[in-house]
1. How about the range 28-134: which GluC sites (Glu not before Pro) there lie in a loop by DSSP and see at most 15 other Cβ atoms within 10 Å?
2. Applying the Karplus parametrisation 6.51 cos²θ - 1.76 cosθ + 1.60 with θ = phi - 60° to the phi angles of the range 78-90, what ³J(HN,Hα) value in whole Hz is obtained for each residue in order, glycine and proline being reported as x?
3. Taking Cα extents along the principal axes in Å as the quantity of interest, determine which of [x] 65, 42, 40; [y] 81, 53, 39; [z] 87, 51, 36 was computed from the displayed structure.
4. Considering only HIS349, ALA271, TRP299, whose Cα is most displaced toward the positive end of the charge dipole of the range 240-363, charges sitting on Cβ of Lys, Arg (+1) and Asp, Glu (-1)?
5. Amide H neighbours of VAL216 under 5 Å, counting only residues 5+ apart in sequence or on other chains, H built in-plane at 1.01 Å?
6. Along the positive direction of the dipole of the chain (beta-carbon charges: Lys, Arg +1; Asp, Glu -1; about the Cα centre), which of THR34, PRO380, PRO175 reaches farthest?
7. Provide the percentage of antiparallel DSSP beta bridges, counting only those with both residues in the chain; round to the nearest 5.
8. Amide H to amide H under 5 Å from VAL188: which residues, 5+ apart in sequence or cross-chain, H placed 1.01 Å off N in plane?
Amino acid sequence: MDFTFTEEQQAAVEAARAVFSGVAPDSVPSPALTPGAVAEDIDRRLWSELASSDLLGLTLSEEYGGAGLGPVALFLVLRESAKVLARVPLLESCAVAMTVERYGESGLAAELLPRAARGELVLTVGANGRTGHGPAELAVTARPEGTGAAPSGWVLDGVHSAVPWAQVADRIAVPAHTGEGRAVLALVDPTHQGVTLADQVSTSGERLAEVRLDGVRLEARDLIDTPGAWDRLRDLLTTGTCALALGLGERVLAMTAEYTGKREQFGFPVATFQAVAVQAADRYIDLRAMEVTLWQAAWRLSTCAGGPLPAAGDIAVAKIWASDGVRRIVQTAQHLHGGFGADTDYPLHRFHAWAKQIELSLGPAAAHEEALGDLLAAHPLA
């Protein structure tokens, strides 16, 4: 496989590294010592710098002030963001913007996307449904208003849990289902009448919300009922989360290598001990597997190329490695750091909390293995 990235994609990585170089993972209180959220808002300074560097519009077309790059470029930037635990909804906002551009009504795109690219508008998405189990679109019903083939508006009822940064977002992408069972995607203003937010907190200490919709009426253009819109957004979110897992794992393994190279026992760095070296090597193998499966899934999403299995198969494989791999990496890192890894003055415990949040977001590897098995059964390989 050729993992050579284009000049434009490499330039995006360099720009991201420059922006993230000034971010400290311990710039907010420790989630281990904070009973609620570690902060009430996203990192606004970082958000502004991402906008100034044209990274928020990276995947949008030039028509909306973007750079016209695809999902791979976004995932490369997300990989860098995870290395510093960047507290911004970069994945959610960019994924929603890409979906609006591809599937949304032209007036809606013209209203939202230029502002999103400039960082003036924060977008997020409810991807977990009511409980985190089962299809997210089943958590909300969308009823059309008016008569005729084209409804004049829609009415939404239901609940989505664990919506990232809903309290500070300007629009929430809400997957819902119609009476015919179709999945649709609504763009909801959190201040809209009938919308209620209840605070929740992630394992990593970030602010989430339960979003309750009670008879929320939307204009027709604020709901995307084009087939495939929610599926596309869900795939972007899932693969982007795998990119976050990869970046976090790379940073944690680098921290472990640095620590074990300096920490001495019996007059020798512990990195020279065979038991330590073997564990670190196993985790390096995990990272390489996470990387190859991520870029395979990203390539399928970017090119819509065919294959023996649908793109969902490649995404399932990436999720299997990301979910299990990031857990193994942080567990080994904690073990090789000893008690120092649990010290709240040292940032490793923060990465551990973020890794657990990513693992929970992706779901257990066994579930993805089952989904992959179903795909193999439905599409026998020659």
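Quick note: the coordinates plus some simple rules give every number you see, no bench work behind them. Just so it is clear, the structure is predicted and the values come from calculations on it, not from any experiment. Heads up, the Cβs are rebuilt from the backbone with ideal geometry, glycines too, and the neighbour counts pull from every protein chain shown.
1. Counting only loop positions with at most 15 other Cβ atoms within 10 Å, the GluC sites (Glu not before Pro) in the range 28-134 are GLU40, GLU120.
2. Result, rounded to whole Hz: 4, 4, 6, 5, 5, 5, 10, 6, 4, 9, 9, x, 4.
3. [y]
4. Farthest along the dipole direction, towards plus: TRP299.
5. LEU156
6. With unit charges placed on the Cβ atoms, the residue in question is THR34.
7. DSSP beta bridges in the chain are roughly 90 percent antiparallel.
8. It is ILE172, ALA173, VAL174, by chain and number.
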